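Here is the structure we will look at, set down as structure tokens.
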Amino acid sequence: QVSPVESGGGLVQAGDSMRLTCVASGHLFSTYAMAWFRQAPGKEREFVAAIGWLARNVDYDDSVKGRFIISRDNDKNTVYLQLTSLHPADPAVFSCAARPSAIVYRPWEYNYWGQGTEVTVSS
């Protein structure tokens, strides 16, 4: 079992970059697939990016490909999401999620969730 805690959100201007961090306390972090989801007001939670337990497999939603980068440091029980070229369609609460084994894309398939960190983009 792991307990993710996100940080790094805030207010930025369109075109800016920021890095979100998720520290997942618990055992065997390196065996978990980790993912970022986001939820904008009035919308459903949507997949953003995921990374496999050895970081060999990564995947992104088409809306963020080329702009966001997911990475992990198993020695620190941490997963990162680098956000670049932020634009007004990106604001949301970004949440970190974990599940044993392989990457999947539906939120209900993830076992452990953080509380989220809010990203706001001003135009």
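The values are calculated or read from the model by the stated rules, or taken from the named source; none is laboratory data. This structure is a prediction, so every number in the text was calculated from the model and none was measured. When we count neighbours, we look across all protein chains shown, and the Cβ atoms used for this are built from the backbone with ideal geometry, even at glycine. These area figures cover heavy atoms from the full protein model, side chains too; ligands, DNA and RNA do not enter into them. Shrake-Rupley method; radii C 1.70, N 1.55, O 1.52, S 1.80 Å.
Multiplying each eigenvalue of the alpha-carbon gyration tensor of the chain by 5 and taking the square root yields semi-axes of 23, 14, 13 Å, largest first, rounded to whole angstroms.
If you take the charge dipole of the chain about its Cα centre, with +1 on Lys and Arg Cβ and -1 on Asp and Glu Cβ, which of Phe94, Thr78, Tyr32 is farthest toward its positive end? Farthest along the dipole direction, towards plus: Tyr32. The percentage of C-alpha pairs in the stretch 1-56 whose separation is greater than 17 Å is 52%. Using the Cβ of Lys65 as centre and a radius below 15 Å, the other residues enclosed give a net charge of -3, where K and R count +1 and D and E count -1.
Electrostatic tally near Glu118: other residues with Cβ closer than 11 Å to its Cβ, Lys and Arg +1, Asp and Glu -1, net 0. Computed from phi, the 3J(HN,Hα) profile of the stretch 4-17 under the Karplus parametrisation 6.51, -1.76, 1.60 (θ = phi - 60°) reads x, 9, 8, 7, x, x, x, 9, 9, 8, 4, x, 6, 10 Hz, with x in place of Gly and Pro. When the trypsin sites (Lys or Arg not before Pro) in the stretch 1-67 are filtered for DSSP coil states and for at most 11 other beta-carbon atoms within 10 Å of their beta-carbon, the remaining sites are Lys43, Arg56, Lys65. Ligands, DNA and RNA left out, the accessible area of the chain computed with a 1.4 Å probe is 48% carbon and sulfur.
In percent, rounded to a whole number, the relative contact order of the chain is 37, using alpha-carbon pairs under 8 Å and six or more apart. Highest GNM mean-square fluctuation, the chain, Cα pairs closer than 10 Å: which of Ser71, Ser95, Ser17? The residue that fluctuates most here is Ser17.
In this label model, Trp108 and Ser30 are separated by 3.4 nm, measuring between points 7 Å along each Cα→Cβ vector. In this Cβ point-charge picture (+1 for Lys and Arg, -1 for Asp and Glu), the stretch 45-111 has a dipole of about 100 debye about its Cα centre. The phi torsions of the stretch 28-39, fed into the Karplus equation with coefficients 6.51, -1.76 and 1.60 and a -60° offset, translate into couplings of 6, 3, 5, 9, 9, 6, 10, 9, 10, 10, 9, 9 Hz, rounded to whole numbers, with Gly and Pro shown as x. How high is the relative contact order of the stretch 31-81, in percent, counting Cα pairs under 8 Å that sit 6 or more residues apart? Answer for the stretch 31-81 is 27 percent.
Between Gln115 and Arg19, the simple label model (points 7 Å from Cα in the Cβ direction) yields a spacing of 2.3 nm. Evaluating 6.51 cos²θ - 1.76 cosθ + 1.60 at θ = phi - 60° for every residue in the stretch 67-74, the Karplus couplings come out as 10, 10, 10, 9, 8, 9, 10, 5 Hz, glycine and proline recorded as x.
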